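A short worksheet on the structure shown next.
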Amino acid sequence: MNSYLVERYLPGLAEADIRAGLTRAQAACAELSAAGTEIRYVGSIFLPLEEACFCRFDSDRPEAVAAANQRAQLGFARITPGTAIAPVHNAAIDGARSSGRSW
């Protein structure tokens, strides 16, 4: 599966409204998955000062991500493919952090 970032700009919405919409998105993904479309809602970050929300979905197709958001009645500015990078936990990484090395 590929990862996609969904950008939303939601002026005037409270966190409770955002959470309700994201619950609908998760339900829409479950419905689409049950019907045979590979899609998964992974999580979001809400930036209240920016009135924005960025959501991550995993799917084989961006059209499935759009369909899930439309089914959940969630508007979006765009859907962008991306690469999810998980943190690495091992001694080499921990040693680099303590030595002060950076990019």
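The values are calculated or read from the model by the stated rules, or taken from the named source; none is laboratory data. Here the structure is a predicted model, which means the values were calculated and not measured. Neighbour counts are summed over all protein chains in view; Cβ atoms, including those assigned to glycine, are modelled from backbone coordinates with ideal geometry.
Are there any pairs, at least 6 apart or on different chains, whose C-beta atoms fall under 8 Å, with the first in segment 59-82 and more than 15 Å from Ser44 (Cα to Cα) and without any contact (Cβ under 8 Å) to a residue 60 or more places away in the chain and the second charged (D, E, K, R) and assigned to a strand (DSSP E or B), and if so, which?
Correct list of pairs: Ser59/Arg40.
Got a number for residues in segment 52-82 being among the hydrophobic types (A, V, I, L, M, F, W, C), out of contact with any helix residue (DSSP H, G or I) (no Cβ under 6 Å at 6 or more places or on another chain) and assigned to a strand (DSSP E or B)?
3
Let me spell it out: the conditions are (1) in a helix (DSSP H, G or I); (2) basic (Lys, Arg); (3) at pLDDT below 95, and Arg24 meets all of them except one. Which number is the exception?
Tallying (1) in a helix (DSSP H, G or I); (2) basic (Lys, Arg); (3) at pLDDT below 95, Arg24 fails exactly one: (3).
For the structure I just gave you, tell me whether Ile79 is at pLDDT 95 or above and loosely packed, with under 10 Cβ neighbours inside 10 Å.
Values: at pLDDT 95 or above: yes; loosely packed, with under 10 Cβ neighbours inside 10 Å: no.
In short, no.
Pick from segment 10-26 the residues that are more than 26 Å from Ala86 (Cα to Cα), of a type in the set (A, V, I, L, M) and without any contact (Cβ under 8 Å) to a residue 40 or more places away in the chain: which of them is surrounded by the most Cβ atoms within 10 Å (Cβ to Cβ)?
The extreme case among them is Leu13.
Among the residues of segment 28-41, are any on the phi < 0 side of the Ramachandran plot, within 10 Å of the chain's Cα centre (by Cα) and without any contact (Cβ under 8 Å) to a residue 40 or more places away in the chain?
Yes, that holds for at least one residue.
Restricting to segment 27-76, and then to whatever is within 19 Å of Ala14 (Cα to Cα) and polar (S, T, N, Q), can you tell me which residue is surrounded by the most Cβ atoms within 10 Å (Cβ to Cβ)?
Out of the qualifying residues, it is Asn69.
Inside segment 8-27, can you point out the residues that are touching a strand residue (DSSP E or B) at 6+ places or on another chain (Cβ under 8 Å) and within 11 Å of Asn69 (Cα to Cα)?
Arg8, Leu22, Ala25, Gln26
Can you pull out every residue in segment 40-81 that is touching a Ser or Thr at 6+ places or on another chain (Cβ under 9 Å), hydrophobic (A, V, I, L, M, F, W, C) and within 14 Å of Arg24 (Cα to Cα)?
Across segment 40-81, the qualifying residues are Val42, Cys55, Phe57, Val65, Ala67, Ala68, Ala72.
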